[in-house]
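Read the figures in this text as sums done on the coordinates, not as results from a lab. This is a predicted model, so every value here is computed, not measured. Cβ placement follows ideal geometry from the backbone for every residue including glycine, while neighbour counts extend to all protein chains displayed.
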């Protein structure tokens with residue numbers, strides 16, 4: 001049973017526009033959420049996180065929104081740049097546990 | 001120093017070999033992790049060490065044996081692996097452990113079992 005779902009395997013956007021990556025989760029006990037970016041042949045790179053007590057967190061071009069009632073979070077990248085092209089993973093952790101549960105990832109392509 | 005390093009980058013081994021993967025961090029982090037990632041799949045947690053003690057073992061087969069000699073170093077000893085164990089093995093560390101701790105990943109070791 002997949003507890004963290006990224007239903008779009010891929011997304012393509014134009015440089016300068018907004019990229020919106022979505023993530024849904026099934027376990028209402030998750031209380032900390034993270035987004036990672038991964039280039040081929042590299043480890044995941046931490047981007048941004050959000051605690052369940054917040055509904056928005058912003059860091060430069062990256063903003064994460066959390067909708068607890070819908071069990072949904074999204075990552076907005078504005079403006080998108082070609083260097084943002086990578087696979088983006090959503091991850092969640094549960095009530096103090098170190099265990100991160102990852103989604104399957106969304107491959108973002110930003111076209112010049 | 002803000003990175004997690006892993007050696008070797010690539011490893012090819014036979015099913016009867018014994019090998020080890022090494023992970024190192026010098027950020028003063030007290031929790032370290034091993035993940036396994038198969039192609040087109042998300043990373044899956046294998047082990048967690050918190051303050052040099054094994055705190056999570058996700059029912060990993062005994063042919064994988066973790067070791068944490070000190071707070072900066074994490075090893076994964078491999079013995080009698082199967083071809084289906086071929087994957088990218090990722091190490092991560094985090095400052096304290098716990099659910100709201102951000103994990104930082106190394107580049108991974110690409111393992112091929114023949």
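Quick notes on this one:
- Total residues in the range B:54-68 satisfying the condition of being out of contact with any helix residue (DSSP H, G or I) (no Cβ under 9 Å at 6 or more places or on another chain) and in contact (Cβ under 8 Å) with a residue 12 or more places away in the chain: the figure is 7.
- Flag if residue A:13 is more than 11 Å from every other protein chain (Cβ to nearest Cβ), crowded, with 17+ Cβ neighbours inside 10 Å, more than 11 Å from the chain's Cα centre (by Cα) and outside any loop (DSSP other than H, G, I, E, B): yes
- The range B:40-58 - residue that is more than 11 Å from chain A (Cβ to nearest Cβ) and not in a strand (DSSP E or B) and, of those, nearest to the chain's Cα centre (by Cα): B:52
- Qualifying residue in the range B:26-37 (condition: without any contact (Cβ under 8 Å) to a residue 12 or more places away in the chain and either at negative phi or over 14 Å from the mean Cα position of the chain (by Cα) (or both)): no
- Residues considered: A:69, A:85. Of these, the only one that is surrounded by 14 or more Cβ atoms within 10 Å (Cβ to Cβ) and over 15 Å from residue B:105 (Cβ atoms) is A:85.
- Here is the figure for the range A:28-40: residues that are more than 26 Å from residue B:5 (Cβ to Cβ), within 13 Å of chain B (Cβ to nearest Cβ) and exposed (fewer than 14 other Cβ atoms within 10 Å of the Cβ) total 1.
- Test: residue B:61 is more than 14 Å from chain A (Cβ to nearest Cβ) and not in a strand (DSSP E or B): yes
- Within the range B:11-29, tally of residues that are touching a strand residue (DSSP E or B) at 6+ places or on another chain (Cβ under 7 Å) and either at the interface with another protein chain (Cβ under 10 Å from one of its Cβ atoms) or in a loop (DSSP other than H, G, I, E, B) (or both): 3
Let's see how each residue does on (1) buried (at least 22 other Cβ atoms within 10 Å of the Cβ); (2) within 12 Å of another protein chain (Cβ to nearest Cβ); (3) in contact with a strand residue (DSSP E or B) (Cβ under 9 Å, 6 or more places away or on another chain):
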| position | (1), (2), (3) |
| --- | --- |
| A:42 | no, yes, yes |
| A:51 | no, yes, yes |
| A:61 | no, no, yes |
| A:90 | yes, yes, yes |
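- Note on the range A:73-88: residues that are over 15 Å from residue A:49 (Cβ atoms) and within 14 Å of chain B (Cβ to nearest Cβ) total 2.
- Selection from the range A:16-56 of residues that are without any contact (Cβ under 8 Å) to a residue 24 or more places away in the chain and within 12 Å of the chain's Cα centre (by Cα): A:45, A:46, A:49, A:50
- Scan the range B:69-106 for residues that are within 14 Å of chain A (Cβ to nearest Cβ), part of a loop (DSSP other than H, G, I, E, B) and over 12 Å from residue B:21 (Cβ atoms) and the total you get is 9.
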